[in-house]
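The structure appears right after this line, and notes come after that.
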Amino acid sequence: MEERKTMNISIDEMDPTFLFIWKGTRHKGNEEPEYRSHDFLEVAYILSGEGKYRIDDKIYAVKEGDLIIINPGVKHQALLCPEAETPATEFFVGFSNIRISGCPDNFMPLPEGKHILHTTGELSQRLFKICASMEAENAVRRQGRYFMLKSYLVQLLLLVIREQCEPMERPKGYAFESAGKKYVAEQVINYIEDHYSEKISLDQIAENMYLSPFYISRIFKGETGNTPIRHLINIRLEKAKRLLENGYQGSIQEVAALVGYDDAYHFSKLFKKKYGISPSQVRKNP
């Protein structure tokens, strides 16, 4: 196998000018109107879903975890992908003034000479987290916002460059994907255990972990056989059953509230479906 060319990178030269960010989902009426190029650099990270890009007259399929590198002068256009089950949600960052040793000014090295860097595991999670942090910082607009956004941009660029400096093949026995999925599932379980009595949703869990809801749901079900929300329901009902069995004398409404339900009727319906009896029937006699 041909070895990938490595680069000599000077960290002192990583002083980009941050220009903008943009996040959006491609659907009819929201596609890029023209095949164009510009005089600054862009990277686009696919947060979720699938899509297509036309770059230098070639069509590239992209999906969650892909990072698209668009250098100045490169013609490009995001295309609709009607056959995709979930349309692509993209996060764009525009910037200029970078100098990387061995490359022309204002040029990002391309993975294997192409425009798409496919990321998985830890790198994918770190890029997702950086994008989420940039979006949050941009929304707050506090003092020093530009420099915070620039610092996140530098992290993103260095992660991408480091990835291309590493060998493509991992050492035998490397099992990050498996370990990473297990870690995600364990973190979801721990979060639910700590917050089951609160109003929580899949979006909240995903935001807490800096991952997409789609990614978390898919990984969790693959590792446990359950969705995160079904696991949350099971935990809540188990906690309620234990309260009742231990002689808790509060009302059913209070029991429901203690495990995160405002609606006692809905709680009782879920409880009976799981255990075959109503919450009041579980109570121990005084």
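Extension gain for ARG162-ALA84 works out to 25.0 nm (0.36 nm per residue, less the C-alpha to C-alpha distance).
Taking one quarter of the surface of the convex hull spanned by the alpha-carbon atoms of the chain gives a direction-averaged projected area of 20.3 nm². Rolling a 1.4 Å probe over the protein heavy atoms of the chain, with every protein chain left in place, gives an accessible area that is 49 percent carbon and sulfur. Normalised per residue, the accessible area of the chain is 57 Å², obtained with a 1.4 Å probe and no contribution from ligands, DNA or RNA.
Computed extension length for THR224-SER37: 62.7 nm, one decimal, from 0.36 nm per residue of separation with the Cα-Cα distance subtracted. The residue list THR227, PRO213, PHE128 was ranked by how far each Cα lies along the charge dipole of the chain toward its positive end, using unit charges on Cβ atoms, and THR227 comes out on top.
Net charge in the neighbourhood of HIS195 (other residues with Cβ under 14 Å of its Cβ; Lys, Arg +1, Asp, Glu -1) is -2. Semi-axes of the equivalent ellipsoid of the range 18-158 are 22, 19, 15 Å, computed as sqrt(5λ) over the eigenvalues of the C-alpha gyration tensor in descending order.
The values are calculated or read from the model by the stated rules, or taken from the named source; none is laboratory data. As the structure is a computational prediction, the values presented were derived from the model and not from experiment. Counting neighbours? That spans all protein chains shown, and the Cβs are built from the backbone with ideal geometry, glycine included. Remember, those area values only see protein heavy atoms, side chains included, never the ligands or the DNA or RNA. Shrake-Rupley method; radii C 1.70, N 1.55, O 1.52, S 1.80 Å.
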